[in-house]
Amino acid sequence: MLSVEAGVRSRARQNSNVPTRFDYHHHNVVRKFLRASTLYGGSDCAEDWLVSSLHTGLSPQEWALTDIEQVGKSSIWLHVVSSEVDPEYSAWSYRSLDISNFNPEVLASIARMVDRGRSWATSGRFAKKQSEANALLSRACKAAIPRLQAPYSLESARYQFIENMRTKCAEEDVAALVGTICLEFNRASYHHRRAAWQDDEIKNIPIPSAKLVANMRLRLEVFSLRVMARKLMSRRGF
């Protein structure tokens, strides 16, 4: 468990060139550009991928194997197979998000992404489609926001989701939503700028399963104890 958390830091450093803040205004501009673009095929897929990821926190590759379940008349769950599975903790290889309170537009985007992801995965086209969507998103950023230093990616949407949820949920809830505890990643470049969107801009908040929240709470406690132990050992010269 602890070695997995160490890997989160190394992945954050490896992806340091990917913006971890997806500005709300930029998000609107990019979506409008993708929606209006008729020059490139797949713009609708890229927009759905972006919208779905911004509201669920799934990493791009996790859309390869997801499912939507409706329980009763009003309960809707998104089931996700994690892209970062530790063989010692296979019970956390999947997670479920209650998305019953999402508006119809976002729910429709998620449903389309679930269908596409499964189709692409079974036909061996998922990696190609992910690359195409990222290329379209990059092209939209350069055309719609010329002064942007680095184009956003689908991974940027996941990072922004995490920051948004940190203003609305406890840390264990955020960890349960994204399937891993969320260490500080790449925030230094923003200095004192708010990483999350404004409160009135954060809508359609998913709810994690209570069981996974309890597991993540324990995981965070164990990790905090390890950090404290490391500090004590460092002071004593170990």
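Brief remarks on what is shown
- Segment 205-230 and segment 131-145: distance between their alpha carbon centers, rounded to Å: 36
- Environment charge of V213, counting only residues whose C-beta is closer than 12 Å and scoring Lys/Arg +1, Asp/Glu -1: 0
- Heavy atoms of F102 accessible to a 1.4 Å probe, total area in Å² rounded to 10: 10
- The phi torsions of segment 197-208, fed into the Karplus equation with coefficients 6.51, -1.76 and 1.60 and a -60° offset, translate into couplings of 5, 5, 4, 6, 8, 9, 10, 6, 8, x, 10, x Hz, rounded to whole numbers, with Gly and Pro shown as x.
- Measuring only protein heavy atoms, the 1.4 Å probe finds Y24 accessible over about 70 Å².
The values are calculated or read from the model by the stated rules, or taken from the named source; none is laboratory data. All figures in this text were calculated on a predicted structure; none of them were measured in a lab. Quick reminder, even Gly has a Cβ in these numbers, built from the backbone with ideal geometry, and neighbours come from all protein chains shown. Protein only, heavy atoms only, side chains kept; ligands, DNA and RNA dropped before computing areas. Shrake-Rupley method; radii C 1.70, N 1.55, O 1.52, S 1.80 Å.
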